[in-house]
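**Student:** Dropping the structure in here first, questions after.
The values are calculated or read from the model by the stated rules, or taken from the named source; none is laboratory data. What you see is a predicted model; the values in this text were computed from it and never measured. Cβ sites come from the backbone with ideal geometry, for glycine too, and all protein chains shown count toward neighbours. Only protein heavy atoms, including side chains, enter the accessible area calculation; ligands, DNA and RNA are left aside. Shrake-Rupley method; radii C 1.70, N 1.55, O 1.52, S 1.80 Å.
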Amino acid sequence: MLHERPLLFPLFGLAAGLICSELSGQLVSLPIVPAAFSCLLLACFIRNDLALSICTIIFFSIWGMHALSPWKNSPVSPTAIQFFAGHSQITVEGIVGSRPAVMPDGSSFILRTEAFVKDGHAIPAENNLLVYVSSPGDLPFERGDRIRFSTRIGIPRVLGLPGEFDYPRFLLFQGVAAVGRVSSGDEIVLIRGAAEDSLQRRLDMIAKSLGAFIRHAVPDNEVAAVLAALLIGDQKRIPLKLTEAYTKAGVNHILSVSGFHIAIIAFFIVQIALLLATRFETLAIRFNLRRLVLLLSLPAMLMYLFLTGAAPATTRSVIMLIFMVLALYAERESDPINSLLAAALLLLAIHPPSLFDISFQLSFVALWGIVILVPPVMNLFRNMKVSWQRSLLQFVITSCIASLVTAVPVLFIFNQASLNGILSNFVIVPLLGYGAVLIGFCSLPFVYVFEPFALALLWMAGKIVWFSNKLILLFAKLPLLQFYCVSRLDMAAFLGLMISLTFVANRRIKLAMCGLLPSLAILAHASAPSSADGRLHISMLSVGQAESLLIKLPDGGTMLVDGGGYLQESDKDFGQRTLVPALHKMGVHRIDRLILTHSHPDHIGGLPFVSSAFSIGEFWEAAPGGVGKQYEQVRLNLLEKKVPMRQLAAGDKIKLGSGVSISVLSPQLLPAPALKSRDDHQIGLNDESLVFKLEYGNFSMLFTADAGLPAEDQMLNNRINLRSTILKVGHHGSRFSTSSKFLDQIQPKAALISSGFNNNFGLPSPATLKLLEKRGVATYRTDRDGTIEVVSDGKTWQIFTPFRL
């Protein structure tokens with residue numbers, strides 16, 4: 001194995017070290033790395049493959065456990081950008097460190113901070129800042145320019161939800177320590193252009209001018225955005241809905257400049273060069289032109305790599321293609337597995353955090369599957385004589401295998417996968433890959449040589465993209481494969497299966513592993529314990545400055561109280577992006593009772609998608625109902641599913657089974673004239689929130705939603721028994737709720753508050769916290785503790801904070 005796959009053990013050791021370091025949070029100090037390397041050198045003089053293999057794995061594992069130090073071992077110094085984080089605006093100065101990414105709704109770039117300006121004096125600063133510009137349009141500066149602007153520095157952090165994407169870690173591995181936001185590009189002052197000149201800056205400027213020319217040549221914004229993505233790697237301008245359509249159609253890979261694009265362009269350059277070279281008889285006699293022209297593709301690939309921004313997927317592809325070109329030039333047969341191992345090892349050596357990049361993982365797995373599975377499948381059709389039929393079959397098989405091998409990791413990461421790519425790739429890849437990419441690439445040199453011809457070629461490429469977009473919108477309507485239960489064990493079984501197929505030589509062992517590993521994964525799912533454990537589980541989900549609670553009854557029934565959301569209208573769907581994935585990770589596949597306390601955006605925002613994605617048993621809301629577009633969408637979804645709907649008011653009592661009951665305490669049922677005069681613009685909705693008390697044996701919890709002081713006074717005047725074990729504090733801990741009298745009647749042992757970290761409202765209010773502290777009430781907050789879980793067997797109760805921040 002060591003002789004056939006010399007890079008396998010180094011890659012395995014490096015990946016294992018990186019994973020261990022990330023999971024444990026431990027880093028190996030630098031002096032240990034050369035010590036391990038010395039052991040490896042000594043092992044080279046021992047004629048024992050096993051000893052050499054063990055020492056190789058040990059050295060690269062130790063290197064991997066040290067390699068993340070530059071990203072994870074940076075203490076916050078007085079000059080670090082994190083030191084200046086807070087609520088107040090501060091003036092920042094620095095060098096633009098990345099190509100500005102322009103999106104339909106704004107822009108972003110990385111700033112290498114140099115100083116903070118205060119009272120006309122510059123205070124030294126360091127580390128990178130990710131800057132968001134809220135207004136759309138190009139920014140008037142480039143990589144290497146020195147700029148200055150005012151912003152509020154924020155430290156990215158996770159919410160604390162199961163299965164949540166670790167955005168802070170993602171930014172950390174990009175070298176970003178903090179984030180800032182600017183309303184408009186006009187607020188950014190260019191102090192000095194080209195403060196740092198470089199080849200990458202010049203290529204960025206070329207890419208920007210080419211992008212502007214493409215948008216000028218192709219008036220249709222969507223078509224121009226896709227064409228720019230195909231030719232210069234500028235994907236950010238593509239509208240979100242069109243990007244989602246590409247994803248659903250299973251062809252989103254075509255939008256990123258990858259090995260497919262590079263290979264087409266390299267092949268085209270080689271063929272053109274060969275055609276021109278063979279016109280000269282002297283060259284044809286003196287040189288082996290077929291070998292020589294291969295070398296011309298190398299600078300072209302490298303130049304195109306940096307022109308498109310040197311994304312990880314593109315870099316990996318260029319490295320692999322360079323290995324293959326050099327092997328062909330040396331007239332040696334290239335081993336695709338070794339080329340793949342070499343590309344992965346080199347990328348991880350250059351940038352170790354790439355291992356945790358989703359793009360790197362999926363593209364590596366896709367290529368891995370193609371390399372090991374396409375040849376044996378094509379072997380079954382070795383008797384096929386007609387070359388075009390064989391090529392067509394190979395294309396179809398490759399597309400199928402790429403979709404199938406990435407299905408498990410895609411389901412694990414995104415909870416849904418599109419197998420539509422098996423069909424859509426058959427049409428879209430030739431259109432965009434061999435059509436739009438090739439024609440568009442030919443147009444780029446003519447932008448500077450003969451503009452009319454470039455315009456004509458881009459017009460042709462644009463028409464192909466326009467037709468492809470229409471087809472993609474049709475393919476996107478096909479059903480997706482959705483499965484939310486892919487576990488780490490499933491991923492381990494999948495990787496074990498791929499490793500067995502690749503590196504196990506014994507046929508019997510290989511077949512045994514192919515049967516055993518999937519069987520173990522299926523058995524683990526079949527033997528999973530039931531969610532009905534005879535206890536009551538109440539989880540306050542950490543959804544930022546919003547609110548959502550999941551209740552699991554002792555008999556396994558589920559209730560969702562509110563669905564969180566964004567405070568302002570947004571194109572992003574909170575339910576799709578955040579809430580539904582978290583619920584599925586918590587084992588929720590059906591919601592027996594969906595409860596809406598009131599229709600403010602921070603309580604109903606996730607429910608439109610929840611009501612469409614889940615099977616709903618019953619819908620409860622406060623009488624007389626809600627208002628707004630989101631509320632109407634929820635009702636429409638429920639009506640389509642014929643879900644029973646019920647309005648609740650004070651005095652209603654409901655038995656849920658297993659000894660659990662609910663008593664509704666608010667709102668008061670208003671007379672008919674009052675209902676008609678109710679303001680439709682959500683005034684007073686807080687005090688009309690659904691307030692209820694849940695009881696299970698000796699345990700009870702009071703759910704107060706956003707009810708304020710007037711609603712509390714009404715409940716006190718009605719002399720309702722408010723005493724509860726746990727209080728869900730009203731209105732995110734606002735000082736306009738949770739009065740002293742109200743607390744005296746409840747006498748809670750613990751209180752739960754849903755609030756966003758560092759929110760602009762200053763919630764929870766210090767006054768409310770002081771009232772709770774004065775009464776000795778243990779307080780738990782989502783901004784500090786993440787998702788909070790209360791568990792009770794009806795006699796005792798416990799509170800867990802598994803995602804404490």
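**Student:** Full-extension gain between Val371 and Gln747, please, as 0.36 nm times their residue separation minus the C-alpha to C-alpha distance.
**Tutor:** Details: separation 376, 0.36 × 376 = 135.36 nm, distance 6.59 nm.
Length difference between fully extended and current span is 128.8 nm.
**Student:** Given the peptides 169-175, 726-732, arrange them by the average over their residues of other C-beta atoms within 10 Å, most packed first.
**Tutor:** 726-732, 169-175
**Student:** So if R0 is 60 Å, what FRET efficiency would Ser487 and Thr282 give, r being the distance between their Cβ atoms, rounded to the nearest 0.05? Please list the in-between numbers first.
**Tutor:** Values: r = 66 Å, r/R0 = 1.09.
With R0 = 60 Å, the Cβ-Cβ based efficiency is 0.35.
**Student:** Can you work out the FRET efficiency for the pair Asn721 and Asn73, with r the C-beta to C-beta distance and R0 = 41 Å, to the nearest 0.05?
**Tutor:** Given R0 = 41 Å and the Cβ-Cβ separation, E is 0.15.
**Student:** Apply the Karplus parameterisation 6.51 cos²θ - 1.76 cosθ + 1.60, with θ equal to phi minus 60°, to every residue of segment 635-644 and state each ³J(HN,Hα) to the nearest whole Hz, in sequence, with x for glycine and proline.
**Tutor:** Coupling constants for segment 635-644: 4, 4, 4, 5, 5, 5, 8, 6, 7, x Hz.
**Student:** Apply the a/c threshold of 1.5 to the C-alpha gyration tensor of segment 355-478 and tell me whether it is rounded, prolate or oblate.
**Tutor:** Because a/c hits 1.5 or more and a/b exceeds b/c, segment 355-478 counts as prolate.
**Student:** Could you tell me whether segment 436-583 comes out rounded, prolate or oblate from its Cα gyration tensor? Rule is a ≥ b ≥ c as square roots of the eigenvalues, rounded for a/c under 1.5, then prolate if a/b exceeds b/c, otherwise oblate.
**Tutor:** Cα axes put segment 436-583 in the oblate bin.
**Student:** Okay, next question. For Glu773 and Asp713, what does the FRET efficiency come to when R0 = 25 Å and r is the distance between their Cβ atoms, rounded to the nearest 0.05?
**Tutor:** Once rounded, the FRET efficiency stands at 0.60.
**Student:** Do the alpha carbons of any pairs in Lys585/Lys642; Lys749/Lys795; Lys236/Lys470; Lys552/Lys655; Lys470/Lys629 sit beyond 24 Å of each other, and which pairs?
**Tutor:** Lys585/Lys642; Lys470/Lys629
**Student:** Sticking with this one: Grab the Cα-Cα distance for Leu471 and Met103, subtract it from 0.36 nm times how many residues apart they are, and report the gain in nm with one decimal.
**Tutor:** 130.1 nm
**Student:** Roughly how many percent of the accessible protein surface of the chain is carbon and sulfur, given a 1.4 Å probe and a whole-percent answer?
**Tutor:** Looking at the chain in its full context, I get 61 percent from C and S.
**Student:** What number, rounded to the nearest 500 deg cm²/dmol, is the helix-based mean residue ellipticity at 222 nm of the chain, given -39500 (n - 2.57) per DSSP H run of at least four residues and division by all its residues?
**Tutor:** Calculated mean residue ellipticity at 222 nm is -14500 deg cm²/dmol.
**Student:** Sticking with the crude label model, points 7 Å out along Cα→Cβ, report the distance from Glu187 to Val396 in nm, one decimal please.
**Tutor:** Placing both labels 7 Å along Cα→Cβ, they lie 5.6 nm apart.
**Student:** Could I ask something else about it? Starting from the Cα gyration tensor of segment 98-163, take the square roots of the eigenvalues, sort them a ≥ b ≥ c, and report rounded, prolate or oblate (rounded when a/c is under 1.5, otherwise prolate if a/b is larger than b/c, else oblate).
**Tutor:** Oblate, since a/c reaches 1.5 and b/c is not below a/b.
**Student:** Pick out, from Leu471, Ala461, Met491, the residue whose Cα sits farthest towards the positive end of the charge dipole of segment 436-511, with +1 on the Cβ of Lys and Arg and -1 on the Cβ of Asp and Glu.
**Tutor:** Going by the Cα projections, it comes out as Met491.
**Student:** Using a probe radius of 1.4 Å on heavy atoms only, what accessible surface per residue do you get for segment 461-519? Whole Å² is fine. Before the final figure, lay out the partial values.
**Tutor:** Numbers: 3600 Å² over 59 residues.
That works out to 61 Å² per residue.
**Student:** Further question: Stretch Cys514-Phe800 to full length: gain in nm at 0.36 nm per residue minus the Cα-Cα span?
**Tutor:** 99.0 nm
**Student:** Could I ask something else about it? What residues qualify as long-range amide H neighbours of Arg781, i.e. H under 5 Å apart, gap of 5 or more or another chain, H built at 1.01 Å from N?
**Tutor:** Amide H neighbours of Arg781, under 5 Å, 5+ apart: Ile753.
**Student:** Based on the mean of other beta carbon atoms within 10 Å per residue, what is the order of 446-454, 9-17, 133-141, most packed first?
**Tutor:** Values: 446-454: 13.7, 9-17: 20.8, 133-141: 16.1.
Highest-to-lowest ranking by the protection proxy: 9-17, 133-141, 446-454.
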